[in-house]
Each structure stands twice: as C-alpha cells, then as structure tokens.
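Before any comments, here is the structure.
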Amino acid sequence: MVVEKIDRELCNGCGICVNSCSSDVIRMGEDKKAVIKYPEECIVCLYCEEDCPKHAIYVSPVKTTPFLTAWG
Amino acid sequence: MSLENVIETEVLVIGGGQAGLFAAIKAKEQGVNVTLVDKGYAGRSGQSQNPCVMDVFVPERHDLDAWVKSGHVVNEYLDNLEWVELVFKESLARWQELCAWGLKSYKYDKDGKVFVSPAGKDDGEQIPAESLGPTREGRALSPVIFRRFPTRQQDFMRKQALKIGVKFVDRVTITDLIKQDGRIVGAVGIPADSSDTYIFKAKAVVMCLGKGGFKVPGIRTVTTTNDGDAMAFRVGCEITGKEWSDNHPARGDFPAYAWTGIDRNPFVSRDVATSGAGAQGPKLYNAESKELESVRRKTGSRTTGQNFEGLGMIFEAHAGRAPIYFDIAHADPDYWPMNHSPKGMPRQEIDETAMKLGRVRMTFGRALGQSFQLSDGIWPINTDCATQVPGLYAAGDSLGARPGYPMAGFAMSFCSVTGTRAGVNAAEYAKKTERAKIDEDELARLKKITLAPAERKGGFTPGWATQVIRNTMTPYWVLYVKSADRLQAALTNIEFMRDNVVTRLTARDPHELRLAHEVKSMTLHCEMKLRASLFRKESRWTHYREDYPMRDDPSWLAWVKIREENGSMKLYKEPIPKKWWPDLSLPYEERYPMAFPGEIEE
C-alpha cells in the first residue's frame, strides 16, 4: 500500500526522493539507498515516484488506514 | 547528547512554497540576512508544488474591474476586493521575475493542444474559456498558464534564492515563535533526524506555512497542518476564516488517489474542463438514477461555482440518495473523470475498474476539512502583510487577507505578490530594529514545551491522535452540513483531545516529535473551525447551517475573527465594508444565485 517499493537495484542513492517527500516517509539507509521508513505517513502524492530519475519507486493508488483503537 | 543550534538572522521566513520563496528572495534583495526554514525541503514542499496556472493581469489587454469582481458573486460577497485589485496590479511584475529566474511556461495553441512556450514570450495570451475553473467568469479570463512539468516549479526559485545568498535550513519544523517585549524576535524548531533543537534569533519573521487540514490522503498539499495559524494565535494574532472548508470529490473506490477526482488536472488530459461535467462529459446520478442538476456545472448563472458542485453531492448524500456516480458508459472517453496521473505513471487498475462497472462512484475524501484556499489565516493589519504583533508578517495561504478566489490561478499570483510584500516590509522593519537579547527563561520555557512529547514516559501516539481527529471531523455532518448540536458534539470531543490527549502526546523519535506538534496545530485548527461555525449563525458560501439555511444580510456581511483572551478563544465579527455589499434592494434570489437545501420552499 501507499509508497510500496523502492527498487534497490535501480536506486542510485541520489536522495531526491527524500527531499521530494515533505511527509518524511523516505530516508536514506545506511547503505546509501533510499528506504521507506514511515509508510503510514504517505499521502499518495506521487512526488517521489515522479521525481525519481531511475524510475525505482512505485506508489500504489490504494491507501488503507488501521482500524481505530480505544487508545494508541 | 542533544545540541542546541543557534542561528542568527535578520529576517526568518518559515515555509518554502511560492510565498516563502518570494518573501526570502525579496527580503534578501533589500540587503538583509535571510534564512528560510522548512519542515520539508524548501522548493519541494508546501502547497504550491502542484500549480497549474497563474493569473497575470496585463493592463493593456485586460479589464481590471471585470477581473476584480469576477468571483465576488460566486464567493458571496466575502472577498476583500482591495487585496484582489492589489494582487492583479502587481501580478505582471512577479510573473516577469519568475520568467527571468527561469520559469518554463506551458500554453495552449489554437487547437487546444499544450505546447511549451519559452518563458517570458507571449504572456497574456487568452486561452479557451472552458479550460480553467473554478468560476465560469474566471475561466473566461485566465490569461497565462504555467505548470511544473518538466521541472518542479519552485526548484528554479530555490536556485535564485541561493544565488543571491538566502540561507536554507531544511527539514526543521518550527514549533513556536519567540515573543519578547511585545514583538517577535525568533522561533524555536526541531530537526527531522536528530534530537537537537534549533533557536532562530531574528529581527522579523515571515509566516508562509500555508493553510491546512487533517492530513487526509489524496491531495498533494496535506502535509500542511495549520502550524502557522497555531503559532500566530499563541502570540496574540487574530485568525480569520475558519468556518470555510474546502471540498474535493474523490472516487469511492480509490479515495486516497489524487488523480481520480472530478476536478482534474487541466494539463494531464486533453480536455481541460475541471469538473468532468462539460457538455460532453459524463453526468452525475444519484441512487435513484436521477441526474444531479444541482451538481452539474452549467453555463447558466444558477449553478456556477466549484463550491456548490461539491456541496450538491454532499446534500444528495445527506438526503439518503448516495451512492452518487458518474455514468461513464454513455460519455465520451476523453471526458472520463478517471485516471489522470502524471505522465508515465498510469494506474491501469483505476481505469479498468471504472470501465468494468461503467460508472464511477464518487465520495469525499481528498482535502476534507482543509481550509478553503486563501480564505483563512492570520489577519493582516495593512497591505504590507504586517500582523498585529510587531515583527511578524504573513504571506500566501498563511495570510488571512480574504482575497477570495476569483479565478483559477489567483492563488499563485496572491502568493507571489504577498510573499514579495511581506519580504520587503519585513526587511525594512528589520533594518530599523535593534536585535533583542532573548530572555533565557522564555527560551527554556519554549524548549521545554517543544521537547515535552519526547520526554514523556507514557501517553498517546500522534498517529493515533491524528486518526481520532479525522474520525471526529470527517463525517459530512460536521463541517459540511452543520447544525449547532452536532458542532457542539464535535467541539466537546475536540476540547477533550485538547485537554487530555494533546497534553499527553509522546514521541519515540524526532519524526514523531514533529507529528506531535502537528497534532497540536490540527487540534487547534479543529477547535477554531467548530467555534467559528457555531458563531456564524447563517449559511453562506461553503458554510451551510441546517438550522440557519439562509444568508443573513446585512448582519452577517462580516468576517469572523478569533483571538486568544485569558486562555480561551474569543470570536467576533469584522464587518465587510459596505462598498462591497450586494445591492440589498435586489431580491434574495438575485443576490444569491445558488440555493441551499431548506432555504426556500419550492
């Protein structure tokens, strides 16, 4: 769901997607490749996918939210 | 060990969208030090990442009076026409600057096809009347268009700002303004990826943080959470326009996906009608298979206005006649309200689902609960973009100047013009102001508030709290079909959250600390929206009260303002100047071409 995949083979570690994501979903991993760190914050804007020069990112058009609990 | 980063600057600009970048560049051009801070990456964050059009008034070609008044009836006489006129008059200069800095513009040729135009040439071309919303009048007048493809629209502005020496601090969320001796002297913030703090010491601060909502997915602007209004409110500014809410229909089967709604990106499909309800477009039907006359965009005056198309669908749902759907089986495929994702990113499953069913079920999800564009924010005391607190300026969607939204593309003009004014005036103020020595006790107090969620041992997560806010505010009967009892019920819940959840938010990491502060801002925004909605005892524009279904002239030809007084919100009316009133001798139906349900017995 949401930002689903960053292809690690294709990712060149440029970090553009990190800057493109104002929701702070994507971070650079220790291996200098982008990782989906906080997928629950993805708002399906598609900027990361749109801006990726290597077409390594796929954003799903579907987003589900967890069911609401009494506290959390 | 956490570090405290102290940054001294003369002008601090908070927020790096169109208004913030203009403010930073223009302040810097006055010869002062300027720092721009953004919770994302300035130039790629904020609301103005997805601009389609910018209105540019060209005196020798256009009629100023017609432009200024183009949205006034549709926006039900709420627009501050002084600001509208000012923005149009200054729009050409801003456009020319954008072109000089490297803007790429796109235009239509005679056949309606999009072509790339070298920036700065052929400005002021008329484009087909049906191509731009939200108002019929606006569409006929919008003269100049640009879009962000192939390069992101604000990247070139960031480059320009860097070139002249603006300093950027990215991925730092500002949590509070520092006020001392009655004026603003800085701001406190937290970075996204460390437990450090940031203290900005400034002579003037420009708020360019946009509007906001409840982070409902599906529209590209929802990372804005009204942080600017919240911070300004806490230092004593007046906030206006909270009773107005935006509405953007979404597809029922893919409500989180921005490119499936009926208000399409005009540049993605060949057809540029914004509502999918042009002459050839698919028609909307309700559960009784009746076409929604009140929803369909017509060329006549009685049903123009984006606002009423959205409300029309909500009213149908309220009457128990959902689902509401587009009949695409009998419409020209070029006008399908389907998948209009940006180039190269087709989502076949979306179109396939629709084609299989022959209909597209519509609902509301995208942008639900968001402020209406250019309709709420920090009240300015003059056209210099100054606020009630010395040293604090506001621009773009943070500015509650209530210019209205006379035509599509006005927002970009407004952000450019107000960003410029705020930047220039903040710089001038900074030049004649001594740097304050910031009181350490006050700084310690603000830092303690900022870091509190990270230091609590237990409490509630911001993710859960955000979900509760959405669940409280999203049902249509809270912010779209309002009544005193339901508003009060939601307000009771939000007050409980304010007192018992916001005060006990926890943050496991810096990312979550930002979220905790966003929840705090969103909760304040909710309270303001509910209180302003209770206060305005009439219906007007996007504000529909079932218990007061008519406009009430002249007593509500007024703006609502909110300010803090003894720890609680005080609401009051600011009368709209009589020169902008409708002609009260006209029959009600002529003053207000759109009818609310229950308003007049048919």
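None of the figures in this text is laboratory data; all of them are computed from the coordinates on show. What you are looking at is a predicted structure, and each value in this text was computed from that prediction instead of being measured. FYI the Cβ positions are ideal-geometry reconstructions off the backbone, even for glycines, and counts take in every protein chain you see.
Straight-distance candidates among the lysines for linking to A:K32, with alpha-carbon spacing under 21 Å and chain neighbours fewer than 8 residues away dropped: A:K5, A:K54. Working note: Karplus 6.51/-1.76/1.60 with θ = phi - 60° gives the stretch A:32-39 the couplings 6, 10, 6, 10, 7, 8, 10, x Hz, where Gly and Pro are set to x. Amide H contacts under 5 Å for B:I324: B:M362, restricted to partners 5 or more places along the chain or on a different chain, H placed in the peptide plane at 1.01 Å from N. Distance from the alpha carbon centroid of the stretch B:408-445 to that of the stretch A:1-26 works out to 33 angstrom.
In straight-distance terms, cross-link reach from B:K215 covers every one of the lysines whose alpha-carbon lies under 19 Å from its own, apart from those fewer than eight places away in the same chain; here that gives A:K37, A:K63, B:K39, B:K242, B:K520, B:K529. With K and R counted +1 and D and E -1, the other residues having a Cβ less than 12 Å from that of A:Y38 yield a net charge of -2. Residues whose amide H comes within less than 5 Å of that of B:A558, counting only those at least five positions distant or on another chain, are B:I576 (H built at 1.01 Å from N in the peptide plane). Short-range pairs are left out: with C-alpha atoms under 8 Å and at least six residues apart, the relative contact order of the stretch B:1-96 is 23 percent.
Reducing the stretch B:227-259 and the stretch B:366-400 to their Cα centroids gives an inter-centroid distance of 13 Å. Modelled spin-label separation between B:D509 and B:E349, with each label point placed 7 Å from Cα along the Cα-to-Cβ direction: 2.7 nm. Taking Lys and Arg as +1 and Asp and Glu as -1, the other residues whose beta-carbon sits under 14 Å from that of B:L586 total -3.
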